[in-house]
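So that we are looking at the same thing, I have put the structure below in structure tokens.
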Amino acid sequence: MTTMPSSFAQQKSRSQSQMDKADQQLRDEGAIVEIYKSTVNDQGEPVALRAYRFDPTNEDSSKQPAAAIVFFFGGGWNAGTPMQFAGHCKHFASRGMVAITIEYRVASRHGVKAKECVSDAKSAIRWVRTNAKRLGIDPDRIVAAGGSAGGHLAACTEMIAGFDEPTEDQTVSSRPNALALFNPAAVLASVEGRTPFPKDKQQGLNDRMGVDAIDVSPYHHIGQHHPPTIIFHGKADTTVPYWTAEAFASKLVNQGNECQLDGFPDAGHGFFNRGRGDDKAYLETLLLLDAFLVQHGFCAKQESVKAKSPGDPD
């Protein structure tokens, strides 16, 4: 077993503390916690990955199997916690969906590359579909959603072949029935000579991915017959440039797929997060996603849909 450098050990400790805090916060918010995958970190030590589930809270929730929405947090495949999407989960549970925010392995806690993150994301969707009957979920109405690196992972569950966990039943599909992407890192290699990141960062991307970046770049694997997709992206995003969202959406549509791109002027990276500024963008994107899911039959139409800010009472 390799001894970790002290700097990495300190980073790992901080990152694990953040995850422990998020775990308790999610439980306090009412999440039901289950292990969806048992795996290992880069040292071969066991890791139990958790799914934080919010069951439907509306009055009609028991009549038919519900649609599910599965969120993947952002953090550059390095950090972050599933607490990021707790507010989204509570909203969609109130709208009759089973809403799940997923823990996956990241570099700072587990020493892994992004290809392991892709594997975990696929495992999460497959776990939801495998357990659909037990969880009261319609296996044909599963939405994969996420922000930034989490948006990349959500897109990978649909567009990237391979990277499946070999011990899982791969006759059960890990592909979702819709995608909801918040400033996703969906273009990881050059497009007609244009690169999504500065040259110095682009050169290190292959190492960060653990494979050639193009192998896990959703844009470069777009084909036909992808599910409906909605993208929210800030036009002033300097972390994941807006042109990458435009290129991704355009290629989807040109291949005969349905894609809605909502661009937000003057908005930077992570603009949609709960607790960012006055929550205007959080609430606006939440309601736009709600309308998209109504349009595609994932939740029922409602005359008046309200989204809550963090301080609002339940």
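Is it the case that some residue within the range 117-126 is touching an Asp or Glu at 6+ places or on another chain (Cβ under 8 Å), closer than 17 Å to residue 290 by Cα and among the small types (Gly, Ala, Ser)? Before you say what the answer is, go through the steps one by one.
First, the residues of the range 117-126 that are touching an Asp or Glu at 6+ places or on another chain (Cβ under 8 Å): 119, 122-123, 126.
Retained after the next criterion (residues that are closer than 17 Å to residue 290 by Cα): none.
Checked the range 117-126: no residue is touching an Asp or Glu at 6+ places or on another chain (Cβ under 8 Å), closer than 17 Å to residue 290 by Cα and among the small types (Gly, Ala, Ser).
Then there is this: Grab the helices (runs of 4 or more DSSP H) fully contained in the range 199-314, keeping just those with 1 or more residues being touching a residue at least 24 places away in the same chain (Cβ under 8 Å) and of a type in the set (S, T, N, Q). Please lay out each step first, then the result.
Working: elements: 199-209, 242-254, 280-295.
Ranges flagged: 242-254, 280-295.
Within the range 193-213, can one find any residue that is of a type in the set (Val, Ile, Thr) and either touching a Gly at 6+ places or on another chain (Cβ under 7 Å) or within 23 Å of residue 42 (Cα to Cα) (or both)?
Yes, the range 193-213 contains a residue that is of a type in the set (Val, Ile, Thr) and either touching a Gly at 6+ places or on another chain (Cβ under 7 Å) or within 23 Å of residue 42 (Cα to Cα) (or both).
Shifting gears a bit: Quick check, is residue 48 without any contact (Cβ under 8 Å) to a residue 24 or more places away in the chain and over 12 Å from the mean Cα position of the chain (by Cα)?
Considered against the rule, which asks whether it is without any contact (Cβ under 8 Å) to a residue 24 or more places away in the chain and over 12 Å from the mean Cα position of the chain (by Cα), residue 48 comes out as yes.
Considering every residue within the range 227-238, establish whether at least one is among the small types (Gly, Ala, Ser) and in contact with a strand residue (DSSP E or B) (Cβ under 7 Å, 6 or more places away or on another chain).
Within the range 227-238 (the criterion being among the small types (Gly, Ala, Ser) and in contact with a strand residue (DSSP E or B) (Cβ under 7 Å, 6 or more places away or on another chain)), the answer is yes, since at least one residue qualifies.
Right, next: Look through 130, 157, 171, 167 and report the one residue that is within 11 Å of the chain's Cα centre (by Cα) and of a type in the set (S, T, N, Q).
That would be 157, the only listed residue that is within 11 Å of the chain's Cα centre (by Cα) and of a type in the set (S, T, N, Q).
Counting only residues that are over 20 Å from residue 230 (Cα atoms) and without any contact (Cβ under 8 Å) to a residue 60 or more places away in the chain, give me the helices (runs of 4 or more DSSP H) lying completely in the range 68-147 with at least 3 of them.
114-130
Inspect all residues belonging to the range 29-43 and state whether any of them is in contact (Cβ under 8 Å) with a residue 40 or more places away in the chain and hydrophobic (A, V, I, L, M, F, W, C).
yes
Bear in mind these aren't lab numbers, they're just calculated from the coordinates by the rules spelled out. Owing to the predicted nature of the structure, the values given are computational and were not obtained by experimental measurement. A quick note on method: Cβ atoms are made from the backbone with ideal geometry, for glycine too, and the neighbour counts reach across all protein chains shown.
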